[in-house]
Amino acid sequence: MFSVSLGDDNAELRPLEPWRAEEFLAHMDRGREHIGQHIGLADAVTDLESSRAFLRQYAEKAASDTGRIFGIWVDDQLVGGVLFRTMDVPRGNAEAGCWLEPAAVGRGLVTRAARVIIDWAVEERGIHRVEWQVASANQASIAVAKRLGMVKDGVLRASGLHRGQRQDVEIWSVLAPEWRAAKRSN
């Protein structure tokens, strides 16, 4: 198994695999209210069976090279994650996303983890465009997109349906040349 250090605070990025379903469920239970404010993950993972099924879905995406999921651990406790909800390697497009439980908010964990996976997608997999789709009300996730150097492409008005309510969805993106230029300037 591999892990990638996310800094000096004992934070690590690791694959989030089906055998971690119990740990993933416990994490969802700790953060369900916070995570569920803007994304459907908290509603999709409600018991051990749904936790396994969700992680199996991403294992199948990884096997078919159409998505990936990674957990963020701090001091050996799962506190959040980043993923490629979709990856279309032949076309060079991917959609990244994230979630975090409340105890881990405000430490830059998602930004650091997203940098790792976006860099991998651009440099190793040849992805040209990485998108970040976010509910307009999710200011924390929009702040991550900005810190990643993404550009707001537009708003899909009333496009998202979350917990029975229509919401505007913002599309942010970074292109491979922009990503590389930003890395060189840092």
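The values are calculated or read from the model by the stated rules, or taken from the named source; none is laboratory data. If you're wondering where the values come from, they're calculated on a predicted model, not measured in any experiment. Cβ coordinates were reconstructed from backbone atoms using ideal geometry, including for glycine residues, and neighbour counts include every protein chain displayed. Calculation scope for accessible area: heavy atoms of the full protein, side chains included, ligands and nucleic acids excluded. Shrake-Rupley method; radii C 1.70, N 1.55, O 1.52, S 1.80 Å.
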Fill in the blank from the handout: Among helices (runs of 4 or more DSSP H) completely within region 1-117, the ones holding 2 or more residues that are crowded, with 21+ Cβ neighbours inside 10 Å are 21-35, 48-63
Completion exercise
G126 passes all but one of the listed conditions (1) more than 19 Å from R91 (Cβ to Cβ); (2) open to solvent by less than 80 Å² (accessible area, probe 1.4 Å); the exception is number (1)
Completion exercise
Taking region 92-116 and keeping residues more than 26 Å from E33 (Cβ to Cβ) and either without any contact (Cβ under 8 Å) to a residue 24 or more places away in the chain or in contact with a Phe, Trp or Tyr (Cβ under 9 Å, 6 or more places away or on another chain) (or both) leaves A94, V116
Exercise for the section: Give the residues of region 145-169 that are touching a residue at least 24 places away in the same chain (Cβ under 8 Å) and within 16 Å of Q37 (Cβ to Cβ), sorted by residue number. Expected result: G160, H162, R163, Q167, D168, V169
Practice task
Go through (1) free of Cβ contacts under 8 Å to residues at least 60 places away in the same chain; (2) out of contact with any Leu (no Cβ under 8 Å at 6 or more places or on another chain); (3) within 26 Å of L175 (Cα to Cα) one by one and return the number of the condition R56 breaks.
Solution key: (3)
Problem - Filtered residues of region 172-186 (kept if modelled with pLDDT under 90 and not in a helix (DSSP H, G or I)) - result: N186
Completion exercise
Filtering region 129-141 for residues that are in a helix (DSSP H, G or I) and surrounded by fewer than 18 Cβ atoms within 10 Å (Cβ to Cβ) leaves a count of 2
